[in-house]
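Report on one structure; see the data block that follows.
The values are calculated or read from the model by the stated rules, or taken from the named source; none is laboratory data. The shown structure was predicted, so the numbers you read here are calculated from the model rather than taken from an experiment. Don't worry about glycine lacking a Cβ; one is built from the backbone with ideal geometry, like all the others, and counts go over all protein chains shown. The accessibility values were calculated without ligands, DNA or RNA, using every heavy atom of the protein model including side chains. Shrake-Rupley method; radii C 1.70, N 1.55, O 1.52, S 1.80 Å.
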Amino acid sequence: MAQHLRDAHTNPGVTKPVNTRKAIPGFDLKHTLHRLQNNGDRVKANRRAAIATCVKYWGANYATSVPGVSRECDAYPFASTYKGAAQSKYDQTKPKDNFSARPLPKADNGADGSILRIFMDRNRILDGFSSGADVDTYVVSIS
């Protein structure tokens, strides 16, 4: 997971989907992330867009193609953000394919999702656009 985030941050051009002008948000205060909590359909759309990318680049069997390793499609920005993989579907002014997706071990991906939810809850990060207003934002740091 950390390597996936590092690649998205430092070398987005090597990430999938291919987009030569990719500038993945969430790593600095000028390009923050917003929690997506109140729109389950949009979270699902983010996940579907990421999975479609994994299928396109790693094949329909990406989840089982490594013997002995069950994998899931990981996406950054997270599916639980407004800037997730389906962002351009909801805001046509945003660039298409401005995210990274790749298969990761299922156990690791699940643990990371749990850690993210705990962080959001403990720090009381609200839905980023509650009542139409831009509220809580956050960035990701890799060390």
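A few points about this structure:
- Surface composition of the stretch 6-143: carbon plus sulfur atoms contribute 51% of the solvent-accessible area (1.4 Å probe, protein chains only, all chains present).
- Residues within the reach of a label modelled at ASP134 (point 7 angstrom out along Cα to beta-carbon, backbone nitrogen below 15 Å), restricted to the stretch 27-56, are 27-35.
- More than 20 Å apart - percent of Cα-Cα pairs taken over the stretch 1-77: 41
- Candidates PRO77, PRO105, PRO67: whichever shows maximal mean-square fluctuation once the chain is modelled as a Gaussian network with Cα springs under 10 Å: PRO67
- Computed Rg/Rh of the chain, alpha carbon atoms with Kirkwood Rh: 0.95
- GNM result for the chain, Cα springs below 10 Å: residue of ILE125, ILE115, ILE24 fluctuating most strongly: ILE115
- Segment LEU126-ALA107, extension gain: residue separation times 0.36 nm, minus the distance between their alpha carbons: 4.2 nm
- Using a probe of 1.4 angstrom and keeping all protein chains present, the accessible surface of the stretch 76-143 works out to 57 square angstrom per residue.
- Between ASN11, GLY26, LEU36, the Cα set farthest toward the positive side of the dipole of the stretch 1-50 (charges on each charged residue's Cβ, about the Cα centre) is that of LEU36.
- Charge dipole of the stretch 52-101 about the Cα centre (unit charges at C-beta), most positive-ward option of ASN61, TYR90, TYR76: TYR90
- Helix-only [θ]222 nm of the chain, DSSP H runs n ≥ 4, -39500 (n - 2.57) each, per residue, nearest 500: -10500 deg cm²/dmol
- Highest-fluctuation residue, PHE27, PHE99, PHE78 considered, GNM on the chain with Cα pairs under 10 Å: PHE27
- Within the chain: Cβ-based charge dipole about Cα centre, in debye rounded to nearest 20 (Lys, Arg +1; Asp, Glu -1): 340
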